[in-house]
């Protein structure tokens with residue numbers, strides 16, 4: 001499949017990493033990571049979990065606290081992001097989390113290594129999404145799931161307003177922030193379906209959910225069978 005035309009580089013370059021890390025600490029993002037981590041706990045109780053495009057590593061830290069018997073590995077193509085993530089893990093005293101510099105197109109892990117793969121806010125960055133999805137398929141154990149979440153560009157404003165209000169944000173300020181972010185960091189359901197419908201996609205069992213958990217987010221569930 002051709003790369004999505006509007007996509008930014010697969011890794012966020014410095015100093016954009018620092019801006020993204022600051023945004024990821026916001027109340028709404030920390031709430032989002034918590035809710036994704038809760039979603040993960042519904043799928044696995046222990047085992048190895050991979051976060052693709054981990055950024056500053058907040059999601060693996062949330063997962064590691066909720067599933068202490070797990071090993072959580074976060075990977076990112078950005079050296080600066082991995083540096084930030086490792087620093088965050090050290091500050092949190094996390095012992096069951098590792099952060100590794102990896103290219104999601106060609107990861108160094110063996111086949112059928114992970115009990116669950118998760119990714120948030122990265123799908124729109126992938127220049128060749130089918131290639132990354134097939135790498136996820138390769139490292140995922142049979143009968144296990146991958147959960148992919150990304151910002152929904154066509155989300156109704158009503159949905160966003162309700163989530164902003166729930167998190168205690170100014171509606172006006174939140175809508176301005178959302179319009180800036182979604183301009184370069186979002187995806188449509190049509191784009192998602194086009195990616196999943198590609199002949200080369202090894203996942204034949206999948207589902208797509210708009211407005212997951214009342215967020216302006218698209219959730220993709222992939223099952224390896």
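The values are calculated or read from the model by the stated rules, or taken from the named source; none is laboratory data. Keep in mind that what you see is a predicted model, and the values were worked out from it rather than measured. So basically every Cβ, Gly included, is an ideal-geometry build from the backbone, and we count neighbours across all protein chains shown.
When the criteria are applied in full, residue 187 fails the requirement of being modelled with pLDDT of 95 or more and in contact with a helix residue (DSSP H, G or I) (Cβ under 9 Å, 6 or more places away or on another chain). Within region 95-117, the set of residues being over 18 Å from residue 45 (Cα atoms) and surrounded by 14 or more Cβ atoms within 10 Å (Cβ to Cβ) comprises 98, 99, 100, 101, 102, 103, 104, 105, 107, 109. The conditions of being crowded, with 17+ Cβ neighbours inside 10 Å, at pLDDT 95 or above, farther than 30 Å from residue 194 by Cβ and out of contact with any helix residue (DSSP H, G or I) (no Cβ under 9 Å at 6 or more places or on another chain) are not met by residue 136. Is it true that some residue in region 25-39 is at pLDDT 95 or above and in contact with a strand residue (DSSP E or B) (Cβ under 7 Å, 6 or more places away or on another chain)? Yes; the residues of region 25-39 include at least one that is at pLDDT 95 or above and in contact with a strand residue (DSSP E or B) (Cβ under 7 Å, 6 or more places away or on another chain). Among the residues of region 202-219, the ones that are on the phi > 0 side of the Ramachandran plot and either touching a residue at least 60 places away in the same chain (Cβ under 8 Å) or in contact with a strand residue (DSSP E or B) (Cβ under 9 Å, 6 or more places away or on another chain) (or both) come to 2 in all. Cβ-Cβ distances below 7 Å connect the following pairs, each with a first residue in region 80-109 that is farther than 21 Å from residue 122 by Cα, a second residue that is not in a loop (DSSP other than H, G, I, E, B), and a separation of six or more residues or different chains: 92/61; 94/61; 94/64; 96/64; 96/70; 96/71; 96/72.
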